[in-house]
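What follows is calculated from the coordinates using simple rules that are stated; it is not laboratory data. Note that the coordinates shown come from a computational prediction; the quantities given were computed from them, not determined experimentally. A quick note on method: Cβ atoms are made from the backbone with ideal geometry, for glycine too, and the neighbour counts reach across all protein chains shown.
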């Protein structure tokens with residue numbers, strides 16, 4: 001019965017901790033060419049549809065009772081084998097994509113802001129050895145340290161926002177280019193990704209209403225932090241201007257927002273605090289997703305390869321993102337786009353929408369169709385982007401009239 005009585009507040013913090021990964025660092029940069037007002041509207045819209053998707057899943061009895069065997073198995077039971085294999089493929093895209101983003105994001109910050117005594121591949125490997133090694137302790141380590149990690153993240157995040165206030169210029173929030181917003185939606189989706197936690201959350205709470213409250217409260221904290229961080233970055237950094245301290249430079253260079261901010265403020269304290277926040281957020285997310293990926297692969301290998309080899313599972317889980325991170329070190333924002341535009345859209349957008357469409361009546365069917373349309377549009381757009389069929393460039397001529405460049 002103890003597993004059924006997890007407090008709402010505790011589980012809310014777990015939701016917040018899960019969604020504060022690389023997405024919050026990438027969000028302001030990827031949304032930059034659209035402008036602050038479109039960016040804020042997009043963030044709220046994405047929060048709403050990701051919350052709706054989570055509520056659909058949290059309302060399923062199979063997940064509440066802990067009988068689902070994981071999301072792919074759950075979708076296979078509810079919608080057939082085709083849905084199961086779509087979920088398997090999408091889950092792999094999400095897992096491998098976010099692990100790659102955590103590795104490249106952390107080492108990008110280290111190599112751009114610090115003079116390291118080693119090369120970038122060696123720095124990537126050193127960070128990888130630490131975080132991949134910690135996954136051997138499983139989720140128990142993260143659960144024991146979750147409150148302390150979130151407290152440190154909250155303090156460092158507050159300090160980062162406060163330190164940007166001296167450079168805030170509200171006029172920078174006024175220009176807008178709504179047409180660029182669709183290109184930024186995949187990364188916005190990753191900034192509200194916590195859905196792999198839902199089966200665990202439902203099982204430990206054992207109550208649909210409590211699970212939904214935990215999801216609502218935890219995601220609201222994430223929404224507030226994403227909006228505050230985006231506003232701070234937008235109003236502190238010029239859109240176009242000196243290289244290394246503008247949003248468009250960071251966008252082109254595939255960099256997290258802390259890099260141009262650190263160079264602009266030229267403050268060792270800000271750089272150190274930003275590094276602590278980035279390492280805490282991405283390392284905690286790496287541990288959670290790395291552990292979940294190993295459990296996911298254990299289920300696949302034991303079922304289809306008839307082996308439970310821990311060495312094989314570890315290699316399958318961590319070697320692909322490590323190799324991609326070493327050979328393609330500038331892939332941070334690209335990885336985030338693929339995770340959000342393909343993996344999240346399919347697994348936590350299209351499939352839950354189709355499930356609600358099949359089960360619901362009246363207003364629920366209208367909601368299902370709306371969600372299916374929104375997630376489907378982002379999916380199609382991202383696939384076209386990756387295939388080179390569509391391409392949106394920042395409108396430099398538009399922004400130069402506000403920067404004088």
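Remark: spin-label model distance residue 137-residue 158 equals 2.5 nm, labels positioned 7 Å along the Cα→Cβ axis.
Considering all different alpha carbon pairs of the chain, the Kirkwood hydrodynamic radius works out to 21.4 Å. On the basis of the beta-carbon distance and an R0 of 25 Å, residue 309 and residue 144 show a calculated FRET efficiency of 0.35. Just checking the listed ones, 199, 260, 117: in the Gaussian network model of the chain with Cα springs under 10 Å, the one fluctuating most is 117. When the P(r) is computed for the range 110-166, the part past 17 Å accounts for 63% of the Cα-Cα pairs.
Only helical runs count toward this figure. For the chain, summing -39,500 (n - 2.57) over DSSP H runs of n ≥ 4 and dividing by all residues gives -24000 deg cm²/dmol at 222 nm.
Between the alpha-carbon centres of the range 158-177 and the range 241-299 there is a gap of 19 Å. Between the range 182-219 and the range 325-375, the C-alpha centres lie 13 angstrom from each other. Ordering 177, 144 by the number of other Cβ atoms within 10 Å of each residue's own Cβ, fewest first, gives 144, 177. A Förster radius of 41 Å, combined with the Cβ-Cβ distance separating residue 363 from residue 115, puts the computed FRET efficiency at roughly 0.10. In percent, rounded to a whole number, the relative contact order of the chain is 35, using alpha-carbon pairs under 8 Å and six or more apart. The ranking of 85, 314, 229 from fewest to most other beta carbons within 10 Å of each one's beta carbon is 85, 314, 229. Each peptide in 234-243, 28-37 receives the mean, over its residues, of other Cβ atoms within 10 Å, and ordering these scores from highest gives 28-37, 234-243.
A Gaussian network model of the chain, with springs between Cα atoms under 10 Å, assigns the largest mean-square fluctuation among 311, 377, 278 to 311. Among 205, 176, the ranking by other beta carbons within 10 Å of each residue's beta carbon, starting with the fewest, stands as 176, 205.
Largest mean-square fluctuation among 137, 348, 128, in a Gaussian network model of the chain whose springs join Cα atoms under 10 Å apart, belongs to 137.
Note that the range 135-185, at 25 °C in a medium of 0.890 mPa s, gets a Stokes-Einstein diffusion coefficient of 165 µm²/s from its Kirkwood radius over C-alpha pairs.
For the pair residue 387 and residue 45, a Förster radius of 22 Å applied to the C-beta separation gives a FRET efficiency near 0.30, rounded to the nearest 0.05.
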